[in-house]
Amino acid sequence: MIVIVDYGMGNLRSVQKAVEYLGVSVRLSDSPGMIQKATKLIFPGVGHFGKAAQELKKRKIFKLLQERIYEGIPFFGICLGMQLLLEESEEAEGIKGLGIIKGRVRRFRGRLIVPHMGWNSVKFQNPKSKIKNNLFRGVRPNSYFYFAHSYYCVPRQRDVVLATTHYSREFVSAFHKKNIWAIQFHPEKSQNLGLRLLNNFLTLC
């Protein structure tokens, strides 16, 4: 059973509809019992880092998500769902993320239009690891995906980085570690390539 984590924020329904369009059955739930039974978890997100972390705790699924990830369940984090995998964020000082990936989430600075919104290219950082990584199976280097965010992930371990994107500076737009796949862009808004990524996670990862 595939479960989309419901924490009361973000574009949950859009991701659900995209998965169902692929012909895959999926449940949208914040039930600890449902999350415990899930065979794969998708964590989409548009919203505030601190509020999202607090909602997870309020619904008593914060620690459960940590446990399930450490157990090895395939986990797909999207946008805020990617950022919450890290330890902390400049968006909510003093509030801890899931801490699965060591690192910090930072805000775009300088003379930039924030949020970074619209289509931008994704550059694979290690072509060999990309070929071995099923999430990007069938996706050409420098393909364009849709972004909408003001913050970006800075993982301490560079070997987890799958791809980067340029917006005044290079930032991490995808990473992978064991059973965790995460992207900063929105597959549900990225047309055919976004659907391909979702399908790759659902069927290959």
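The residues ASP6, ASP30, when put in order of fewest to most other Cβ atoms within 10 Å, stand as ASP30, ASP6. Computed over the alpha-carbon pairs of the chain, the distance histogram in 10 Å steps reads 9, 39, 40, 12, 0 percent, short to long.
The label-point distance for GLN66 and SER168, in a model that sets each label 7 Å from Cα toward Cβ, rounds to 3.4 nm.
Karplus-derived 3J(HN,Hα) values for the range 88-97, using 6.51 cos²θ - 1.76 cosθ + 1.60 with θ = phi - 60°, are 7, 9, 5, 6, 8, 4, x, 9, 8, x Hz; glycine and proline are entered as x. For LYS123, a cut-off of 17 angstrom between C-alpha atoms picks up these lysines, skipping any fewer than 8 places away in its own chain: LYS132. Could you list which residues have their amide H under 5 Å from that of GLY77, counting only those 5 or more apart in sequence or on another chain, with H placed in the peptide plane? For GLY77, whose amide H was placed from the backbone, the distant partners under 5 Å are PHE43, TRP181, ALA182, ILE183.
Each value in this text was obtained by applying a stated rule to the coordinates, not by laboratory testing. Computed from a predicted model, the values in this text were never measured in an experiment. Note that we place each Cβ from the backbone using ideal geometry, even for glycine, and neighbour counts take in every protein chain shown.
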